[in-house]
Amino acid sequence: MRYFGTDGIRGTFGIPPIDGAHLNRLAQALEKRYGLKRVVIGRDTRASGVAIKNFLVRGFSSDVEIFDCAVVTSPLLSQAVVDTGADLGLMITASHNPPEDNGIKILNHLGEKIMEREETDLEQGMDSFFDPVENYGHRIVPYSVQPRYEMAQDIGDRFPHVVVDCANGAAVTFAKASYRFRKVDWLGDRPNGRNINAGCGSEYPELLCRTVRRSGADLGIAHDGDGDRLLICDRYGEILPGEIILGIIAIFLEKTGHLRGHQLVTTAMSNGGLSIALGRYGIGVTDAEVGDRNVAETMRTVGCNFGGEHSGHVLFFDGAPTSDGIQTALLFLKAIAFLNVLPENTRQLIPLLPRKSCNIPVKQKIPLAKLPTLSGLIRTERERINKNGKIFLRYSGTEPKLRLLIEAEDEALAENVMNVLKNNIENCKEIL
């Protein structure tokens, strides 16, 4: 698609499609497609957020009532959509991207991300007969979201000292109101519009890990710019893979009778060790296409209430319709307290297969099927790693990168296959 990627519209502010004309057209397309009467709008802490909001508002007719949540996390905007009975929610964010970028995530009346077929309709609408206009006279209602997070006292007692990195993003205020540990060392908690994700947050976990080690904290939590995902590190400053977070919570939900269908939904990008480990607890694993939106759709299809991606997007429908980083952190801490295991020991419950991954910058996203030399080499390497291994090669939906992931039963083999494919890709003139 021309404008939409794997997670809404995203790009550098001021450059199409994140410019006034396209945002104006998007608003008109949204009103026509959904027959809007009420819209909830929120934003992360980027300096461009207010301007983008104004461009969108001016594209709506005066018949559309606007609820303005100001700075809010994506999951809490989702809650606001449901609480206000709105037809649609617009989250102005570029998530984990650098400060100069921004974008729009679109949520339906249930607070869920809209589907790809709807994005196709919107692109057609944006390219049709709409002309840039500036409507005025809107009814804009300030709206304050009230979080519903609950942190049990015994969690604070069990982990008295925690480091939390909010990425200078939307989660700052809500994390400070929700995490009630005895002592919290705050990082990335001073947003100024230009420092979101700048050397902090889930995209730069080195700061979190280093601070946990130096301070002697019990664990560390890092959020991304819009607060819908997280990373957790143990007291040694070692990042817990997303599969471990998913697995530990799944075991907890299963043991307490809250895992609907006795299964979770993840993606084929998740480590195969997750499925092996959960099988011992009678928990099945269903794979969805990459993207938390696809995970959510598959969860609804199979009747499951829990799932997520190894990247840190975790969905628990009993708590929220979209991925929520703060909810996930509290649920994980509740799970390890119930299971009586420390973060650094969770790897023993969810042993993972060796894997290697890298991101390779590209100039063009030529379909991989049109690169026969590379395709042939991948087939050859897949035979080397046998049925228990994995090779994933795909373009990022939000950045000019090619993502490569190798998984094998032997770490040396995974390393070798990674080097072979990476060297071949870096010599592929068609995309570099």
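The values are calculated or read from the model by the stated rules, or taken from the named source; none is laboratory data. Keep in mind that what you see is a predicted model, and the values were worked out from it rather than measured. Cβ: placed from backbone, ideal geometry, glycine included. Neighbour counts: every protein chain shown.
Some points to look at:
- Per-region count, the range 73-103, residues out of contact with any helix residue (DSSP H, G or I) (no Cβ under 7 Å at 6 or more places or on another chain), aliphatic (A, V, I, L, M) and within 20 Å of residue 36 (Cβ to Cβ): 5
- Of all residues in the range 210-227 being touching an Asp or Glu at 6+ places or on another chain (Cβ under 7 Å) and farther than 16 Å from residue 189 by Cα, the one that is surrounded by the most Cβ atoms within 10 Å (Cβ to Cβ): 219
- Residue match in the range 188-204 (condition: surrounded by fewer than 24 Cβ atoms within 10 Å (Cβ to Cβ), outside the structural domain of residue 312 (by TED's automatic domain parsing) and of a type in the set (Ser, Thr, Tyr)): yes
- Residues (free of Cβ contacts under 8 Å to residues at least 60 places away in the same chain and in contact with a helix residue (DSSP H, G or I) (Cβ under 7 Å, 6 or more places away or on another chain)) located in the range 167-189: 180, 181, 182, 185, 187, 189
- Inside the range 145-177, residues that are within 14 Å of residue 222 (Cα to Cα) and small (Gly, Ala, Ser) make up a count of 5.
- Residues satisfying the criterion are present in the range 152-167 (criterion: surrounded by 12 or more Cβ atoms within 10 Å (Cβ to Cβ), assigned to a loop (DSSP other than H, G, I, E, B), modelled with pLDDT under 90 and not acidic (Asp, Glu)).
- Test: residue in the range 198-220 that is within 30 Å of residue 60 (Cα to Cα), within 22 Å of the chain's Cα centre (by Cα) and not hydroxyl-bearing (Ser, Thr, Tyr): no
- Identity of the residue in the range 218-233, of a type in the set (D, E, K, R) and in contact with a Ser or Thr (Cβ under 8 Å, 6 or more places away or on another chain), that ends up farthest from residue 76 (Cα to Cα): 224
- Picking from residues in the range 21-30 that are under 26 Å from the mean Cα position of the chain (by Cα) and of a type in the set (Gly, Ala, Ser), the one that is surrounded by the fewest Cβ atoms within 10 Å (Cβ to Cβ) is 29.
- Test for residue 185: is it surrounded by fewer than 20 Cβ atoms within 10 Å (Cβ to Cβ) and assigned to a loop (DSSP other than H, G, I, E, B): no
- Considering residues of the range 307-331 that are touching a residue at least 60 places away in the same chain (Cβ under 8 Å), of a type in the set (A, V, I, L, M, F, W, C) and crowded, with 24+ Cβ neighbours inside 10 Å only, the residue nearest to residue 261 (Cα to Cα): 314
- Helices (runs of 4 or more DSSP H) wholly inside the range 256-344 containing at least 3 residues that are farther than 28 Å from residue 77 by Cα: 272-279, 325-339
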